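A short reminder: the numbers here are calculations on the coordinates, not readings from a lab. Treat the numbers as computed from the prediction; the structure is a model and nothing was measured. Quick reminder, even Gly has a Cβ in these numbers, built from the backbone with ideal geometry, and neighbours come from all protein chains shown.
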């Protein structure tokens, strides 16, 4: 089987081949990332006993008892919105997963950093540059180059039906849309 000419691989015009293999490609990407992400999560959690216990406590909070069977079951919908767990996952993607994003020049010409690129040229950008940007991710206490589990948590004030005010942790990616490409998108 021959190789497609690089100019034929356009992100803006999906080929029939791309449509046929998109599920397989996405599955391959997920499998290629899931093992390293799980390993990095364990590595980061093992290094910080307090964080390990907080994540464990948060995960324990979404187990329920099935009234019909009496068995303890995980409520996956609740688990998917746990703020600390989401923040840990997002921080691992930001810090430890790096891919190249490939795009095609669709204008007649484009100039990037003084380089003139012709139409149909392919360009690549490593996500590591954006994911390690001090401007986007760094704080005075936590540089972008370090793992900080709470980087993606903001605290909001909430009021219950009785008027009691409390603080609640909420997951939030605070960087801009050009600063985070976890799956190369």
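Give me the distance between the Cα centres of segment 52-104 and segment 159-185, rounded to whole Å.
15
Once label points are set 7 Å from the Cα along Cα→Cβ at both residue 183 and residue 47, what is their separation, rounded to one decimal in nm?
With each label placed 7 Å out from Cα toward Cβ, I get 2.7 nm.
Please list the radius of gyration and Dmax for segment 9-171, considering alpha-carbon atoms only, with Å as the unit.
21.4, 67
Test of understanding: express the Cα radius of gyration of segment 110-185 as a ratio to 2.2 N^0.38 Å, with N the residue count.
So the Cα radius of gyration is 1.66 times the expected 2.2 N^0.38 Å.
For the residues 61, 133, 166, what sequence is obtained by ranking on other C-beta atoms within 10 Å, fewest first?
Final ranking by Cβ density, sparse to dense: 166, 61, 133.
Compactness ratio of segment 84-150: Cα Rg over 2.2 N^0.38 Å, N = residue count?
Compared with the compact-globule rule of thumb, segment 84-150 sits at 1.47.
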